[in-house]
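Presented below is the structure to which this report refers.
The values are calculated or read from the model by the stated rules, or taken from the named source; none is laboratory data. Here the structure is a predicted model, which is why all the values come from computation and not from measurement. Note that each Cβ is placed from the backbone with ideal geometry, even for glycine, and that neighbours are counted across all protein chains shown. For accessibility, only protein heavy atoms count, side chains too; no ligands or nucleic acids. Shrake-Rupley method; radii C 1.70, N 1.55, O 1.52, S 1.80 Å.
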Amino acid sequence: MMLIGIDPHKSTHTATAVDPGTNRDQASIRIDGTLQEYQRMLDRARQWPQRRWAVENARSLGHHLTSWLLARGEQVVDVQPSATARVRQLSRGAGRKNDRIDAAAAACVAAVQGDARPVQPETSTDALALLDERRSNLAQARVRAVNQLHALLRALLPGGAPRDLSAAKAEQLLETVVPVGPAETTRHALAADLITEVRAWDVKLKDNAKAMASLVAESGSRLTDTPGIAAVTAARLLGRTGNPTRFPTACAFAQYAGTAPIEIASAGRAHHRLSRRGDRQLNAALHTVAITQIRMPGTRGHAYFQAKIAEGKTPREAQRCLKRRLADHVWRTMVGDERRRTRTTSPGGQPGATTASSAVGPTPTADSSDKSLPGPAETEPTPPHQTP
């Protein structure tokens, strides 16, 4: 198996073939970012019938080339830039860095470091990730327009406008203003323009939510069966997670989402602190679900929260415990959905993860500890990665 590392750039890509047995550079080629050059690189690589491509940052600068290789049945893994930087630091290159060295480092990571992640053809989860990013941008643009509108109305009206300002309410307030002088006339005109913009953002956000709901429904996800998880939140959870089977355990997913506490231990004394790491957008989605369930009497999340309060935990600590349990529940639900899709697409079906726990209801109450485990945790089997 020959490993071919790729250091991608916007207009050029450098590919370096590395023998995994010796970690020696066998050949290298630099191509332009065109389809003809992609084909030339693949033709050169066919001299090694058994090959695998290791693309640095395959989801960013290397995305187009990665998609092109996957469409032709090639095996591709994604290598993070931080992993290639470690290889360069530990090598005997005396700090040298160029495209050929970076490409070789990506191949070495795939060979021995274990940090490479298999890349699969894009699915509905990738579409949901795009829609979620678009929704964040739309929401930020709307907030910016509303803030500008507040500033103008504050100068035109005594006391300004209420905090919860909609386009209809702003228009109603603006109609009561009779501008006097060029400055007020300009403010009035700008406020009218901003009201039009806010209406446009509202329409785009509604269309975005409809597209998310449609894709979530088509995916057959059962996340929306959980109280507090609507289509928009489910879209973020699915889009930010990707293929859930890439996480070997629920604990690994919780760490990725930033809901697992960090253990600080020394000399027989141990305590845990809040994690500020992980995917913060995914963490925010789980936080929203936790807050929603806490405010919904009758849900298992509300009962779990109250039980933690009765144990003597503060509301903030009880909320963090609930987020940790929700991370387990969300991961197990997504893995279960992935198994069902696998059985549907594969006539014989395949064995998958054991996702049974007390988290079978709308809110999880799994038996794992709220804190980090003092020793190595037992691994939880998950479904094997599906090859494209």
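Could you state the angle between the C-alpha long axis of helix 181-219 and the longest principal axis of the C-alpha atoms of the chain, as a value from 0 to 90 degrees rounded to the nearest 10?
50
Given R₀ = 22 Å, FRET efficiency for ILE291-ALA217 by Cβ-Cβ distance, to 0.05?
0.30
How much FRET efficiency would the formula 1/(1 + (r/R0)^6) give for LEU274 and SER166, where r is the Cβ-Cβ distance and R0 is 30 Å, rounded to 0.05?
That pair, LEU274 with SER166, gives E of 0.25.
What number comes out for the charge environment of GLU122, summing +1 per Lys or Arg and -1 per Asp or Glu over other residues with Cβ under 14 Å away?
-1
Which one, LEU326, LEU153, LEU70, has the greatest fluctuation when you compute a Gaussian network model over the chain with C-alpha springs under 10 angstrom?
Largest GNM mean-square fluctuation: LEU153.
Rounded to the nearest 0.05, what FRET efficiency do ALA307 and ALA284 give with R0 = 22 Å and r taken as the Cβ-Cβ distance? Could you check?
0.35
For the chain, what size does the Cα cloud have along each of its three principal axes, sorted from largest down, in whole Å?
Principal extents (Cα only, largest first): 78, 59, 52 Å.
Considering only protein heavy atoms, with the full assembly of protein chains and a 1.4 angstrom probe, order CYS251, CYS108 by accessible area, largest first.
So the residues, ranked largest to smallest area, are CYS251, CYS108.
Against the longest principal axis of the chain, how steep is helix 35-45, in degrees 0 to 90 to the nearest 10, with axes from Cα atoms?
30
So which GluC sites (Glu not before Pro) in region 170-265 end up in coil per DSSP with only 13 or fewer other C-beta atoms within 10 Å?
Filter output for region 170-265: GLU175.
How much length, in nm to one decimal, is gained on full extension between ARG86 and ARG72, taken as 0.36 nm per residue of separation minus their Cα-Cα distance?
Extending this stretch completely gives an extra 1.9 nm.
Where in region 132-231 are there trypsin sites (Lys or Arg not before Pro) that are in a DSSP coil and have at most 10 other Cβ atoms within 10 angstrom of their Cβ?
ARG163
What is the extension gain from LYS210 to HIS9, computed as 0.36 nm multiplied by their sequence separation minus the C-alpha to C-alpha distance, in nm to one decimal?
Net length gain for the segment: 68.8 nm.
Measure off 7 Å from each Cα along the Cα-to-Cβ vector at ASN137 and GLN26, then give the distance between these two points in nanometres to one decimal.
Reported label-point gap for ASN137 and GLN26 is 4.1 nm.
Which entries of LYS10/LYS204; LYS210/LYS323; LYS10/LYS97 show an alpha-carbon separation above 21 angstrom in the structure shown?
As for pairs spanning more than 21 Å Cα to Cα, those are LYS10/LYS204; LYS210/LYS323.
Cα axis of helix 300-310 to longest principal axis of the chain: angle in degrees, 0 to 90, nearest 10?
80
For the chain, what is the charge dipole size about the Cα centre, in debye to the nearest 20, if Lys and Arg each add +1 at the Cβ and Asp and Glu each add -1 at the Cβ?
For this selection, approximately 660 debye.
Over the chain, average the accessible area per residue using a 1.4 Å probe and give it in Å², no decimals.
54
Once you've got the GNM for the chain with C-alpha springs shorter than 10 Å, pick whichever of MET334, MET41, MET212 has the biggest mean-square fluctuation.
Looking only at MET334, MET41, MET212, the biggest GNM fluctuation is shown by MET41.
Suppose we keep just the DSSP beta bridges with both residues in the chain; what percent of those would be antiparallel, to 5?
Bridges in the chain that DSSP calls antiparallel: roughly 70 percent.
For region 1-93, what is the relative contact order in percent, using Cα pairs closer than 8 Å and at least 6 residues apart in sequence?
Here the relative contact order equals 25 percent.
For LYS169, give me every one of the aspartates and glutamates with a C-alpha distance below 18 angstrom, ignoring sequence neighbours fewer than eight places off in its own chain.
Straight-distance partners of LYS169: ASP193, GLU197, ASP202.
I want to verify a result. In a Gaussian network model of the chain, Cα cutoff 10 Å, which of these has the top mean-square fluctuation: ALA104, ALA170, ALA318?
ALA170
If I model a spin label at ASN147 and LEU130 as a point 7 Å from the Cα along the Cα→Cβ vector, what separation in nanometres do I get?
For the pair ASN147/LEU130, the computed spacing is 2.9 nm.
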